[in-house]
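As structure tokens, the structure follows; a few thoughts come after it.
The values are calculated or read from the model by the stated rules, or taken from the named source; none is laboratory data. In this text the structure is predicted, and so the values were computed from the model without any measurement. Cβ coordinates were reconstructed from backbone atoms using ideal geometry, including for glycine residues, and neighbour counts include every protein chain displayed.
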Amino acid sequence: MALADAGGRLTGGHRPRPRGAVPAAGLPGPREVTEETGLTGISAIRPIAVDHRPRADTGQPRRTTFFQLMADPDGADAWHHRVRGDGEDAGLLFACRFVPLPPAGRPADAQDAWLNRIDR
């Protein structure tokens, strides 16, 4: 999941959620964002894109939906988050951070492909 705040800063470091994890309304709820990033107090703005590129590591099909979300402007610039739950990522520790857009380097797995669609 990649998030951008109102200042156009990007956070990343997490694999996309499995298909079907986004509510039927099409926008992630606070629970999904908190599970993925540890962020609380976010609000969904809009979907940005749906990407159908296969998984880079296995070539298996996947569907990844990208969203623009509003994060607390007074929140931390960087944090660690341990994934909870019983999915394949449970227990993993992720180093998350916000960085200015466009990012200085390319995020893993072309996660920057849709950044030009973020409203700043």
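When you scan segment 95-115, do you find a residue that is surrounded by 16 or more Cβ atoms within 10 Å (Cβ to Cβ), touching an Asp or Glu at 6+ places or on another chain (Cβ under 8 Å) and without any contact (Cβ under 8 Å) to a residue 60 or more places away in the chain, even just one?
No, segment 95-115 contains no residue that is surrounded by 16 or more Cβ atoms within 10 Å (Cβ to Cβ), touching an Asp or Glu at 6+ places or on another chain (Cβ under 8 Å) and without any contact (Cβ under 8 Å) to a residue 60 or more places away in the chain.
How about segment 41-54: which of its residues are assigned to a loop (DSSP other than H, G, I, E, B) and either loosely packed, with under 12 Cβ neighbours inside 10 Å or at pLDDT 85 or above (or both)? First the steps, then the outcome.
First, the residues of segment 41-54 that are assigned to a loop (DSSP other than H, G, I, E, B): 41-42, 52-54.
Result: His52, Arg53, Pro54.
Under the condition of being exposed (fewer than 12 other Cβ atoms within 10 Å of the Cβ) and out of contact with any helix residue (DSSP H, G or I) (no Cβ under 9 Å at 6 or more places or on another chain), which residue from segment 81-94 is nearest to Gly59 (Cα to Cα)?
Restricting to residues being exposed (fewer than 12 other Cβ atoms within 10 Å of the Cβ) and out of contact with any helix residue (DSSP H, G or I) (no Cβ under 9 Å at 6 or more places or on another chain), the top hit is Glu88.
Considering only segment 62-71, I want to know if a residue exists there that is among the β-branched types (Val, Ile, Thr), over 17 Å from Glu35 (Cβ atoms) and in contact (Cβ under 8 Å) with a residue 40 or more places away in the chain.
Checked segment 62-71: no residue is among the β-branched types (Val, Ile, Thr), over 17 Å from Glu35 (Cβ atoms) and in contact (Cβ under 8 Å) with a residue 40 or more places away in the chain.
So, in segment 68-97, how many residues would count as being aromatic (Phe, Trp, Tyr) and at pLDDT 85 or above?
Initial filter on segment 68-97 (aromatic (Phe, Trp, Tyr)): 79, 94.
From what is left, the residues that are at pLDDT 85 or above are 79.
Number of matching residues: 1.
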